[in-house]
Amino acid sequence: MRSRNPFVMDCGVFTTNYREDMAILHHPAAKLKVLTIAAVFLFLPFFVSPYYVSVANLIGIAIIGAIGLNILVGFTGQISIGHGAFMGVGAYTAGILTATLGWSFWIALPAGGLMAAVIGGLFGIPSLRLKGLYLAIATLAAQVIIEFGIVHWPALTRGPAGMVLPAPTIGGLVLNTDTSFYYLILTMTVAAIVFALNIFRTRAGRAFMAVRDRDLAASVMGINIFKYKVTAFALSAFYAGLAGALWGHNLGMISPEHFTIKVSILYLAMIIIGGLGSVMGAIYGACFMTLLPIVLRELADFFGGGFAGLTHAMLAMQEAVFGLLIILFLVFEPEGLAKMWRNIKDYFKLWPFSY
Amino acid sequence: MAPQLVIDTLTLHFGGVTALSGVYQEVNPGDILAVIGPNGAGKTSLLNCISGLYRPSAGRIVFEDREITNLPPHRRAQLGIGRTFQNIELFKHMTVLENLMLGRHIHMSQGLVSGGFYWGRARREEEVHRRRVEEIIDFLEIESIRHKAVGTLAYGLQKRVELGRALALEPRLLLLDEPMAGMNLEEKEDMARFILDVAEEWGTTLILIEHDMGVVMDISDQVAVLDFGRKIAEGTPEEVQKNPLVVKAYLGKQ
Ligand SMILES: Nc1ncnc2c1ncn2[C@@H]1O[C@H](COP(=O)(O)OP(=O)(O)OP(=O)(O)O)[C@@H](O)[C@H]1O
Ligand SMILES: [Mg+2]
């Protein structure tokens, strides 16, 4: 799967030098499109209610986490069922630094990412010998061990009770509302997206994909497979750690049940439904999986109106709907929403001469 | 002149199968060595031992006065050993350009972080190596397909792209496993020309496996003949062709 640039409409574009040819946005229309999207998100809090701003925050965090998991699973071809735990490592590291030690959030945030990267890299070491299902079990062990650590080290983590986290401050401004937090998350999300897009058009990203596609050929090109596998684990966990740290400080509290295997599976579902091996896929999947329960709940409220039992039953079906969706995508569109969206665009590019 | 590569009495077993048995071969810098032999003779196994994909059961490999027998494949690539495969091993979902840029891996130094920021150094480096890759694209006359996903290309073109990827590594020793297999006459002639140009213009030492005796006669300086994992003959193409053992090995199979 080539990491296709999402912002390019590629007809009639001719470049005259390599720099232009290598740019992410080399079409004026693409630049305009990105500017428009940027403007919409920049002013979003001014024309939607705070509730939707809080939803946007959750989506942004999910995007960061999902891109991280896609770097490992979709782009490097490794598997991880420990992503939720790596988010926990980031959240707890940052949380302990701000809440217990009183450090600045702006140091705690990268520290959370880095700690997750170190732990993620360590748990990536078995990938030297293990593949597929066996590697999945090894990362499941990471999930279990980290969860156990969080619950059973109350001196550090306050155990099952969880910890209350302070709001970040910048200058004199306290980021304690959804709207003020929104801009922090927006910045981080954009940075996470651009960083990933850059990675996959440069040396390290190509090496990740080479390891995924044909590890023998990669090794005779001089690529140290083991190094890149472990690096992918670390980078993936770094994204997870940042997402976790943001998530905790956004909510204002963390506890072990926020970082269970259910979270790991939710993120796997995001990238499978969105599209493996595609940055855009991670974005679509994160939006989809964050919005789905919200839409389901509103539907339940709407149809169940008054009948508490019915609302309850529909909400309980949520997990079944998740499961069903994953299966449907795996069977019918393994390349996910990203591919479906591409097909739709290709269709209309030629429309009305589609045949 | 000291040999660039010494394959010193190499033996390789797979369970009960002996793929290579006491094979000794020296290769001089700038030479084109053809390795021939019937199917299953151990030709690919020999290349795999040189590039590090197989570990021999006994024997040593010395490249440029340095023993490489126990180095992993990526270390050998870094020392200047490149190769192509009998069954094309390109990255099918990537474009021709991306495949060739992968060939530049060992010549680039940027890490993950500078690549992610794509500022100054990483960006300049990408551009410099892109230029080098374009030279190879020109050389192989594949300009028109540079942005195509490799999986969509015809077989003969894929073989050419795979050669390009190996050349991008600028190897001092290049191993080609049946570079012309499955090609039509015209494609074979093109490929033979590219191989001769590489040897001549870049001074690259080549080891190639080839079944087409016509091609072998035309382009190789030396020929080594394998049969059942043993080297049964060695010499110039003319010498080898007259060798009764070789004739027998080939006739025996056909
Ligand atoms: N990975 C492996 N595992 C087990 N046996 C192997 C392996 N690789 C090669 N062999 C065996 O070693 C012997 C030599 O195989 P090799 O592929 O080197 O032959 P070859 O000369 O390249 O043949 P061909 O002309 O068909 O490509 C064969 O008997 C083959 O079955
Ligand atoms: Mg072979």
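The values are calculated or read from the model by the stated rules, or taken from the named source; none is laboratory data. Note that this is a predicted model, so its numbers are computed, not measured. FYI the Cβ positions are ideal-geometry reconstructions off the backbone, even for glycines, and counts take in every protein chain you see. Surface areas here come from the heavy atoms of the whole protein model, side chains and all, with no ligands, DNA or RNA. Shrake-Rupley method; radii C 1.70, N 1.55, O 1.52, S 1.80 Å.
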Alpha-carbon centroids, region A:57-128 and region B:143-184: separation in whole Å = 40
Highest average packing first - B:49-62, A:170-183, Cβ atoms within 10 Å | B:49-62, A:170-183
Summed residue charge, Cβ within 14 Å of residue A:19's Cβ, Lys/Arg positive, Asp/Glu negative | -1
Mean per-residue count of partner chain Cβ within 10 Å for B:70-83 equals 4
Restricting to Cα pairs under 8 Å and 6 or more apart, the percent relative contact order of chain B works out to 28
Can you tell me the alpha carbon radius of gyration of region A:10-140 divided by the globular rule-of-thumb value 2.2 N^0.38 Å?
-> 1.43
Apportionment of accessible area to carbon and sulfur, region A:50-350, percent (1.4 Å) | 75
Any idea how far apart residue A:144 and residue A:191 come out in nm if each label point goes 7 Å out from Cα toward Cβ?
-> 3.6
Hey, could you get me the Stokes-Einstein D for region B:1-136, Kirkwood radius over alpha-carbon pairs, 4 °C and 1.567 mPa s, rounded to whole µm² s⁻¹?
-> 75
Using only atoms on other chains, find how many Cβ atoms lie within 10 Å of each Cβ of peptide B:98-111 and report the average.
-> 4
Partner chain Cβ atoms within 10 Å, averaged over the residues of B:87-94 - can you pull that number for me?
-> 5
Specify which residue in the list B:32, B:100, B:4 is farthest towards the positive end of the charge dipole of chain B, using unit charges on the beta carbon of Lys, Arg (+1) and Asp, Glu (-1), about the Cα centre.
-> B:100
Would you calculate a helix-derived [θ] at 222 nm for chain B, using -39,500 (n - 2.57) for each DSSP H run of n ≥ 4 and dividing by the full residue count, to the nearest 500?
-> -12500 deg cm²/dmol
Chain pair B, A: how much accessible area is buried, both chains summed, with a 1.4 Å probe, in Å² to 100?
-> 3600
Anyone know which of A:149, A:112, A:84 comes out most mobile in the 10 Å Cα GNM of chain A?
-> A:149
For residue A:151, what charge total do you get from the other residues with a beta carbon under 15 Å from its beta carbon, if Lys and Arg give +1 and Asp and Glu give -1?
-> -1
Would you mind estimating how fast region B:91-170 diffuses translationally, via Stokes-Einstein at 4 °C and 1.567 mPa s with the Kirkwood radius over Cα pairs, in µm²/s?
-> 101
Of B:43/B:231; A:229/B:148; B:92/B:148; B:92/B:159, those spanning more than 19 Å from alpha-carbon to alpha-carbon = A:229/B:148
For region A:160-220, with only Lys/Arg (+1) and Asp/Glu (-1) charged at the beta-carbon, what is the dipole magnitude about the Cα centre, in debye rounded to 20?
-> 340
Please state, to two decimals, what the Cα-based radius of gyration of the protein assembly as shown comes to when divided by 2.2 N^0.38 Å (N = residues).
-> 1.13
Tell me, what is the Rg over Rh of region B:44-92, with Rh the Kirkwood radius over Cα pairs?
-> 0.98
So how many Å³ per residue does the convex hull of the Cα atoms of region A:50-350 work out to?
-> 160
Which value in nm describes the separation of the simple spin-label points at residue A:107 and residue A:51, placed 7 Å from the Cα toward the beta carbon?
-> 4.1
According to the square roots a ≥ b ≥ c of the eigenvalues of the Cα gyration tensor, what is the shape class of region A:102-202, taking rounded for a/c under 1.5, prolate for a/b larger than b/c otherwise, and oblate for the remainder?
-> oblate
List the equivalent ellipsoid semi-axes of chain B in whole Å, largest first, each obtained as the square root of 5λ for an eigenvalue λ of the Cα gyration tensor.
-> 33, 21, 16
Just check region A:155-233 against the gyration tensor rule for me: Cα atoms, a ≥ b ≥ c as the square roots of the eigenvalues, rounded for a/c under 1.5, and otherwise prolate or oblate depending on whether a/b exceeds b/c.
-> oblate
Along the Cα-to-Cβ line of residue A:156, 7 Å from the Cα, sits a label point; which residues in region A:119-141 have backbone N less than 20 Å from it?
-> A:119-125, A:139-141
Which order, highest average first, do A:204-215, B:88-99, A:124-135 follow once you tally other Cβ atoms within 10 Å for each residue and take the mean per peptide?
-> A:204-215, B:88-99, A:124-135
